[in-house]
Amino acid sequence: MTDHTHDSSRRSWVASANDAATDFPLQNLPLGVFRALGSAAPWRVGVAIGTEVLDLRAAAGQGLLPGFGPGLFDGTLNALMAEPASQWRTLRHLVFELLAEGGAGGPASQLLVPQASVELRLPADIGDYTDFYASVYHATNIGSMFRPDNPLLPNYKWVPIGYHGRASSLVVSGTAVTRPWGQTTAKPEGPPSFGASRRLDYEAEMGFWVGGTNALGTTVPITDAPARLFGVSLLNDWSARDVQAWEYQPLGPFLAKNFASTVSPWVVTMDALAPFRCPAFVRPEGDPAPLDYLTSVADQSAGGLDVTIDVLIASAAMRAAGAEAYLVSRGTLADLYWTPAQMLTHHTSNGCDLHPGDLLGSGTVSGPTKESRGCLQERTWRGTEPLTLPSGETRQFLEDGDEVIMRAHASRAGFRRIGLGECRGIVLPAHA
């Protein structure tokens, strides 16, 4: 699954890409959509390399990407996501050779733009967004709070659970998030009152970008699912826990989840993540095996991803004092009970059509330890175990002015460490 583009000895003529601490070495080459900061210029597709961005539209216009016209890199990644997976790999190889030391990339040096001088948008126009519940640790923790004797419902280990989210309120990293209003009550039986949420939370997730299309009424077999997964971005599915507790029965999440979800702007392709594949989650003895349509030898042996997600919080007081953000949790995608391919295959198993630019969320990524819990609902156990920040402030849930920062990286011996950049958002007070 790996090739010369993963060779850790290869360097780039872009000096910043050779920094051991960079998220974006030559072996990564994530894709995003950018324009000059503060301008009204048309959006165009680029590749992050070190501290620079390579303008792919300009590169194609100069004939540096044979077989790829400049129109493919206009506005969003949707057109590229509509191409076959073989074309995604071909583009990666061409860009690698353009940027590699000793390659033929001399003309490309004029097409670099400093990342500090650009703004980034959502990578794609997202037609549909589905959020899964793929971490058994998260599901067990949440279930334990409400059903201590029966934390997991009977279907969890048989079917990848998900719900359809709101695509219109997905926002790019750096967008401030306004505290939502909603109905809440301290008693399960009510009555509720209407006001600003007092239990605002984040959820550390990974977003999987869909490529290609299956016609309505057709399915995507588990063996074909990898070719429909274009890449990944960080995802923060902001959640109003007090609103959620009142409204989620009987149909699941609604206003507690659809006010904002933040997405990081760079898409790390599945090809870039090839060295960091790992076996699917090893199910404990006694757990059911996935049904046949959710099982393949390849997915069980290498369908997981060993990607680490860090969550940090910086309060307004901490930022004012110049203090570093506080690391709240660290989890890994390797702990997901369901693989990305299983999620995609199950999504289409009833004939649902998925389209280029659709986004599939993993659900909160949590692990077996307290430090690997991917949301404050778990980390503070519904507020009963508050966190103490370096400033001396305590947190049960998020306060106005708090900034949530998510970072992710993948590392393995023999390969270059690659990163996903950042997913940031500051909490603003509720509207009057």
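Structural descriptor for the chain: relative contact order 21 percent, calculated from alpha carbon pairs under 8 angstrom and at least 6 residues apart.
Taking max minus min of the alpha-carbon positions on each principal axis, the chain gives extents of 68, 55, 39 Å, largest first. Put a dot 7 Å past the Cα of S16, heading toward its Cβ, do the same for A321, and the two dots end up 3.1 nm apart. Here the peptides 294-304, 253-263 are ranked by packing, the mean other Cβ count within 10 Å, and the order with the highest first is 253-263, 294-304. Let me know the charge dipole size of the chain about its Cα centre in debye, to the nearest 20, where only the beta-carbon of Lys, Arg (+1) and Asp, Glu (-1) is charged. Roughly 300 debye for the chain. Taken about its Cα centre, the range 121-200 carries a charge dipole of about 260 debye when Lys and Arg each add +1 at the Cβ and Asp and Glu each add -1 at the Cβ. Both numbers refer to the Cα atoms of the range 318-432; Rg and Dmax are 17.8, 54 Å. Per the Debye calculation on the range 1-144 with a single equal scatterer at every Cα and no solvent contribution, log₁₀ I(q)/I(0) for q = 0.09, 0.22 Å⁻¹ amounts to -0.33, -1.41. Compute the long axis of helix 136-146 from its Cα atoms, compare it with the longest principal axis of the Cα atoms of the chain, and write down the angle in degrees, 0 to 90, nearest 10. That works out to roughly 20 degrees.
What is the gain in length, in nm to one decimal, between A302 and H164 on full extension, counting 0.36 nm per residue of separation less the C-alpha to C-alpha distance?
Values: separation 138, 0.36 × 138 = 49.68 nm, distance 2.73 nm.
Additional length available on full extension: 46.9 nm.
Take every Cα pair under 8 Å in the range 258-333 that's 6+ residues apart, average their separations, divide by the length, and report that relative contact order as a whole percent. Relative contact order, the range 258-333: 27 percent.
Not counting the cut sites, what is the longest span of the chain without GluC sites (Glu not before Pro) that DSSP labels loop and that have at most 15 other Cβ atoms within 10 Å? Present the calculation step by step, with values, prior to reporting the outcome.
Values: sites that count: E101, E189, E285, E324.
Longest stretch, sites excluded: 325-432.
Would you mind telling me the antiparallel percentage of the DSSP bridges in the chain, rounded to 5?
On the way: 64 of 72 bridges.
Bridges in the chain that DSSP calls antiparallel: roughly 90 percent.
Computed from Cα positions, the angle between helix 85-99 and the longest principal axis of the chain comes to roughly 60 degrees. Within the straight-line cut-off of under 19 Å between alpha carbons, the aspartates and glutamates reachable from K157 are D131, D149, E285, D287, D292, D299, D335, sequence neighbours fewer than 8 places apart in one chain being disregarded.
So what is the relative contact order of the range 313-432, in percent, for Cα pairs below 8 Å that sit 6 or more residues apart? Mind dumping the intermediate values first?
Details: 138 pairs, mean separation 27.5, N = 120.
With pairs under 8 Å counted, the relative contact order is 23 percent.
Values in this text are rule-based calculations from the coordinates and carry no lab data. Quick caveat, the model's predicted, so the values are computed rather than measured. Cβ: placed from backbone, ideal geometry, glycine included. Neighbour counts: every protein chain shown.
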